[in-house]
1. Taking the Cα centre of the chain as the origin and placing charges on Cβ (Lys, Arg +1; Asp, Glu -1), which of Thr157, Ala53, Ala18 is farthest toward the positive end of the dipole?
2. Compare Thr38, Thr60, Thr15 in a GNM of the chain, Cα atoms joined below 10 Å, and give the one with the largest fluctuation.
3. Could you identify which residue out of Val80, Val51, Val27 has the top mean-square fluctuation in a GNM of the chain using Cα springs shorter than 10 Å?
4. Give, rounded to the nearest 20 debye, the magnitude of the charge dipole that the chain has about its Cα centre when Lys and Arg contribute +1 at Cβ and Asp and Glu contribute -1 at Cβ.
5. Run the simple label-point estimate for Arg26 and Leu190 please: 7 Å along Cα→C-beta, distance reported in nm.
6. Hey, if you put +1 on the Cβ of every Lys and Arg and -1 on every Asp and Glu Cβ in the chain, which of Val170, Thr6, Ala117 ends up farthest toward the positive end of that dipole?
7. Which one, Leu90, Asn130, Val103, is farthest towards the positive end of the dipole of the stretch 76-135 when Lys and Arg carry +1 and Asp and Glu -1 on their Cβ?
8. Of the heavy-atom accessible surface of the chain (probe 1.4 angstrom), what whole percent is carbon and sulfur?
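The values are calculated or read from the model by the stated rules, or taken from the named source; none is laboratory data. Just so it is clear, the structure is predicted and the values come from calculations on it, not from any experiment. Note: ideal-geometry Cβ built from the backbone for every residue, glycine included; neighbour counts use all protein chains shown. Please note that ligands, DNA and RNA were not included when accessible areas were found on the heavy atoms of the full protein model with its side chains. Shrake-Rupley method; radii C 1.70, N 1.55, O 1.52, S 1.80 Å.
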Amino acid sequence: IISESTYVRQYSASTTLAFMQTQYVRVTDYSETGEADTYVQEHTTFYTQDVVARYQRLLTGDVMVGKIKTALDAQGLATVYSEGFIRSSLNISGVEGLPGFFVISVTSIDSGYCERALKIVMNEFESYINGFDNTISISVINEPTAPGVSNDSGSITNAMYGFIIGAALVVLIIFFTVIVSDTVQNMDNLKAITGTKV
């Protein structure tokens, strides 16, 4: 009962992104006689470094959080979100075994906030990242999900714990009541305590 009455739903919305790295290669064609033809070819590959900590820091840094707060405030919402609240709701994680793939998620007790904040991140994050490394481009692998409940209330588990703890308390109370009790309840108790024939 306590667990259910204090339970607060947490919502989460996420998207999967692929970070691509673009390199420009200068190609000189010597296949024909005469003057060689030179041109620049664009070569795009998956970003191969696993740098989740770097992007987590950039995502939750003052500049990106400020961009999100400014965009949310401009929407004229009834709720004003603090920078601390926004920062704590943002997370980026790598996809295990797939370098260059990242999952950005927004988690909060406000489902509407999750959806709006993730859209802002999608709009702003790539240009912000390009300010540090202009060879990186971001492709969306999975479109942003609708906010869903990320924490289960665990009613059955809580009920089991409550039953076990309650049963243990009852056993302990009965045990200590019997131990400390010195009341003579019947003839046999009297004989055992006093050793007197009755």
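1. Thr157
2. Comparing Thr38, Thr60, Thr15 in a Gaussian network model of the chain, the most mobile one is Thr38.
3. Looking only at Val80, Val51, Val27, the largest GNM fluctuation is found for Val27.
4. Roughly 1240 debye for the chain.
5. Going by the 7 Å Cα→Cβ label model, 11.5 nm.
6. Val170
7. Projecting each Cα onto the dipole axis, the largest value belongs to Leu90.
8. Reported share for carbon and sulfur atoms: 56 percent.
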